[in-house]
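Remarks on the structure that follows.
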Ligand code: NI
């Protein structure tokens, strides 16, 4: 059976601050530059969720994209959109909300709802030119 990848795009807006509590403001600025601004800053995050698997003989689908849309809405958009990631998303209470850490959190939230017979990859754009991907490795 051919294995096909289906993709769903989504987006959310969120604020964050990159810093370590155990570092001085000077050290945080040295490492994270203006991303360490104590008053936070925002991004328009773009997300691409990709599922790879065999085409179901009965439905002709790899995964129902309507179902994936709902899953992303409930698990990701409602949790992240218009939020301050540092203050309002519990996963980032003690985890620096870099794009790298955000993509892993998103992956883990989705992975538990998706059959292991499907490969999952999450691509997260923090800006149009800066993006990260994670597929559980
Ligand atoms: Ni930033």
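Any read-out appearing in this document is the output of simple, stated calculations on the displayed coordinates, not a laboratory observation. A quick note: this is a predicted structure, and the numbers were derived from the prediction, not measured. Quick reminder, even Gly has a Cβ in these numbers, built from the backbone with ideal geometry, and neighbours come from all protein chains shown.
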- [ ] Just name the residue that is surrounded by the most Cβ atoms within 10 Å (Cβ to Cβ) out of those in the stretch 1-39 that are out of contact with any helix residue (DSSP H, G or I) (no Cβ under 8 Å at 6 or more places or on another chain) and in a helix (DSSP H, G or I).
- [x] 35
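Matching residues to (1) without any contact (Cβ under 8 Å) to a residue 24 or more places away in the chain; (2) within 11 Å of the ligand (Cβ to nearest atom); (3) over 17 Å from the mean Cα position of the chain (by Cα):
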{"position": "5", "(1), (2), (3)": "no, no, yes"}
{"position": "11", "(1), (2), (3)": "no, no, no"}
{"position": "14", "(1), (2), (3)": "no, yes, no"}
{"position": "20", "(1), (2), (3)": "no, no, yes"}
{"position": "24", "(1), (2), (3)": "yes, no, yes"}
{"position": "29", "(1), (2), (3)": "yes, no, yes"}
{"position": "34", "(1), (2), (3)": "yes, yes, yes"}
{"position": "39", "(1), (2), (3)": "yes, no, yes"}
Open item on the list: Of all residues being surrounded by 19 or more Cβ atoms within 10 Å (Cβ to Cβ) and more than 11 Å from the ligand (Cβ to nearest atom) in the stretch 41-61, which is nearest to residue 126 (Cα to Cα)? Just the residue, please.
Closed with: 47
Open item on the list: Please count how many residues of the stretch 103-137 are touching a residue at least 60 places away in the same chain (Cβ under 8 Å) and in a helix (DSSP H, G or I).
Closed with: 1
Open item on the list: Tell me yes or no: at least one residue of the stretch 65-82 is crowded, with 16+ Cβ neighbours inside 10 Å, in a loop (DSSP other than H, G, I, E, B) and within 16 Å of the ligand (Cβ to nearest atom).
Closed with: no
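Just give me the residues in the stretch 43-64 being over 15 Å from residue 5 (Cα atoms) and assigned to a strand (DSSP E or B), in sequence order.
Listed by number, the residues that qualify are 43, 44, 45, 46, 47.
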